[in-house]
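The next block holds one structure in the form of structure tokens; read it before the comments.
FYI, it's all coordinate maths here, none of it is from the lab. What you are looking at is a predicted structure, and each value in this text was computed from that prediction instead of being measured. We place every Cβ from the backbone using ideal geometry, glycine too, and count neighbours over all the protein chains shown.
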Amino acid sequence: MCVKACAYCGSAGPLTKDHVWPECFLERTGRRAAHFSHQSGRVHGADYVVQDVCETCNNVSLSPLDDYFCRLYDEYFAHAHGFGAVVTFCFDYHFLVRSLLKIAYNSARSAGSDDSYLRELRSYIRDGSSVPRQLAVFAELVSPTLVKETGAPGGMRAQLPENFYRSAITQLFTPNGSRVCTRIVAVGSYYFHLTFPAAPMADSAFDEAANELGTHIDGVVQVTSTMNEITLHSSSQDAISSIVPHIQQHHDAYRTFFDRRDS
Ligand SMILES: [Zn+2]
């Protein structure tokens, strides 16, 4: 028999339902997102949830992370930026990183994808203990997407990434990119790139591979535990182009969802 245990502390529970994205955040965004399910091949509008978090972790240990994420949302993420923006982003490193890791860990379990490298960090996420040496976090302020529009200057309009959020696996195509696992947690104009070791390795080898992300993606700034403020300049990437291939591939599923939702 398979005995379920809390994904964060390993206790037998009682286990509760936890939102992948903080509920305070979903309330702010109005729950308008479209979620693609790899299992069913369909698009749905229901909240992503996991059901393997004990009451204590959910209500005591992890809820301050949700509160912190929503404070950042109110102050920063809710405001999508145009071209050439410069933002001074102030943060508490451990609260920021733990709240991003919680979203990444919950979404990996919810999607049924590999969560081993996030599971390793569950004590750090839960209570800030066991601070990982091999974890690199980079922040990026992405640009709007240019979309064709008749009548707009030059026939193009800048589409801001409003109400856009995403937690996903990414891939780093650099000489040592295959030695690390990378994910993004993106909200509005803000992209956070998380880098983890793909297998046990020396600190120097991890740093070398992680640093490649910093030089490969134009405009990213590494966030470290000694910092509480960084300056972000709009990067050359935009939020939406990166998901266009996915939308095109599953166009019919999205069309069906939006037709039904908006009818
Ligand atoms: Zn627990």
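For segment 53-68, take each phi angle, set θ = phi - 60°, evaluate the Karplus expression 6.51 cos²θ - 1.76 cosθ + 1.60, and give the result in whole Hz per residue in order, putting x for glycine and proline.
For segment 53-68, the Karplus curve yields 10, 5, 4, 5, 4, 5, 8, 10, 6, 8, 4, x, 5, 5, 4, 5 Hz.
I'd like the Karplus ³J(HN,Hα) series for segment 119-124: coefficients 6.51, -1.76, 1.60, θ = phi - 60°, whole numbers in Hz, and an x wherever there's a Gly or Pro.
Running phi through 6.51 cos²θ - 1.76 cosθ + 1.60 with θ = phi - 60° gives 4, 4, 9, 5, 5, 4 Hz.
Contour minus end-to-end for residue 231 and residue 169, with contour as 0.36 nm per residue of separation and end-to-end as the Cα-Cα distance?
Once the chain is fully extended between residue 231 and residue 169, it gains 19.8 nm.
Once label points are set 7 Å from the Cα along Cα→Cβ at both residue 44 and residue 94, what is their separation, rounded to one decimal in nm?
Inter-label distance under the simple model: 3.7 nm.
Could you give the size of the charge dipole of the chain about its Cα centre, using +1 on the Cβ of each K and R and -1 on the Cβ of each D and E, expressed in debye and rounded to the nearest 20?
I would put it at about 620 debye.
Could you calculate, for segment 15-262, the ratio of the Cα radius of gyration to the Kirkwood radius, expressed as Rg to Rh?
A ratio of 0.95.
Once label points are set 7 Å from the Cα along Cα→Cβ at both residue 158 and residue 11, what is their separation, rounded to one decimal in nm?
Those two pseudo-labels are separated by 4.9 nm.
Given a cut-off of under 8 Å on Cα pairs at least six residues apart, what relative contact order in percent is computed for the chain?
In percent, rounded to a whole number, it is 21.
Given the rule -39500 (n - 2.57) for each run of at least 4 DSSP H residues, summed and divided by the residues of the chain, what is its mean residue ellipticity at 222 nm, to the nearest 500 deg cm²/dmol?
Using -39500 (n - 2.57) per qualifying helix, the result is -8500 deg cm²/dmol.
Show me the ranking of peptides 44-53, 176-185 by mean Cβ neighbours inside 10 Å, starting with the highest.
The peptides rank, most packed first, as 176-185, 44-53.
Place a point 7 Å from the Cα of residue 259 along the Cα-to-Cβ direction; which residues of segment 41-66 have their backbone N under 17 Å from it?
Label zone hits: 42-45.
With unit charges on the beta carbon (Lys/Arg positive, Asp/Glu negative), name the residue among 90, 142, 106 whose Cα is farthest towards the positive pole of the charge dipole of segment 58-155.
About the Cα centre, the residue reaching furthest to the positive side is 106.
Once each part is reduced to its C-alpha centroid, what is the distance from segment 53-132 to segment 175-192 in angstrom?
14
Report, in cubic angstrom per residue, the convex hull volume of the C-alpha atoms of segment 159-263.
Each residue corresponds to 140 Å³ of Cα convex hull volume.
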